[in-house]
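The values are calculated or read from the model by the stated rules, or taken from the named source; none is laboratory data. Given the structure is predicted, the values throughout are model-derived calculations rather than measurements. Cβ coordinates were reconstructed from backbone atoms using ideal geometry, including for glycine residues, and neighbour counts include every protein chain displayed.
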Amino acid sequence: MVAISLIAMFSVSCTGDHSAVSSSGVKKAVATVKTDLNGNSVEQKAIMERIKRDNDPGSIKHLYIISAYSGQVIIYSTVKGKVTSSGKRLNPSQARDANGFGFRIEFPGSSSYFYTDEVLGDDGAYGSSSEYIFWIDSKGVYHQHYPSGGQIIHISDQPLAIKNVIINMEATDEK
């Protein structure tokens, strides 16, 4: 009799509705997303276009750092290629040589294989966005910027029509 009760409880719990429900009783909503002929959503197409533009060799972009308080452009600079976060790396931050769990990676000069749990991003780099951004301008000058409170960062592939720029990184003399 106990065995029959346990089987009945198990079958009810395995076949019951396990949908997410809020404390007020509202169930999780589901939406249908239309896709193109390749099965891509509008969101996916936008991400693919951003990656394509970010990795276009020789592309020039325009970086504007704008004061959230005054609306003035604090810094303007061209960007050769793309603006990159300081948290991006070419290698994972952790790797191990045991048991082959995770993603297999190789390091130049080593005959051994290593493994990591980190996933290589769409841009071919490890890591996430971090405390500062860096870029190389159209003249080949390297820049770093640590955004802090009250700054809005805007990056465009076309220059914007603006009145004033407090610091124009393009105004530096070539050496």
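Of the strands (runs of 3 or more DSSP E) lying entirely inside segment 73-175, those containing at least 3 residues that are in contact with a Leu (Cβ under 8 Å, 6 or more places away or on another chain) are 73-80, 151-156. Just one of the listed residues (S70, S23) is part of a loop (DSSP other than H, G, I, E, B) and outside the structural domain of H143 (by TED's automatic domain parsing), and it is S23. Scanning segment 60-98 for residues that are over 27 Å from G124 (Cα atoms) and among the β-branched types (V, I, T) yields a total of 4. Residues that are more than 17 Å from L63 (Cα to Cα), surrounded by 11 or more Cβ atoms within 10 Å (Cβ to Cβ) and among the acidic types (D, E) occur in segment 122-139; there is at least one. Out of all the residues in segment 38-53, is one or more within 30 Å of I166 (Cα to Cα), under 23 Å from the mean Cα position of the chain (by Cα) and surrounded by fewer than 13 Cβ atoms within 10 Å (Cβ to Cβ)? Checking segment 38-53: at least one residue is within 30 Å of I166 (Cα to Cα), under 23 Å from the mean Cα position of the chain (by Cα) and surrounded by fewer than 13 Cβ atoms within 10 Å (Cβ to Cβ). For the condition at pLDDT 85 or above and closer than 30 Å to E170 by Cβ, R50 does not qualify. Within the option set D117, D137, being touching a helix residue (DSSP H, G or I) at 6+ places or on another chain (Cβ under 7 Å) and at pLDDT 80 or above holds for one residue only, D137.
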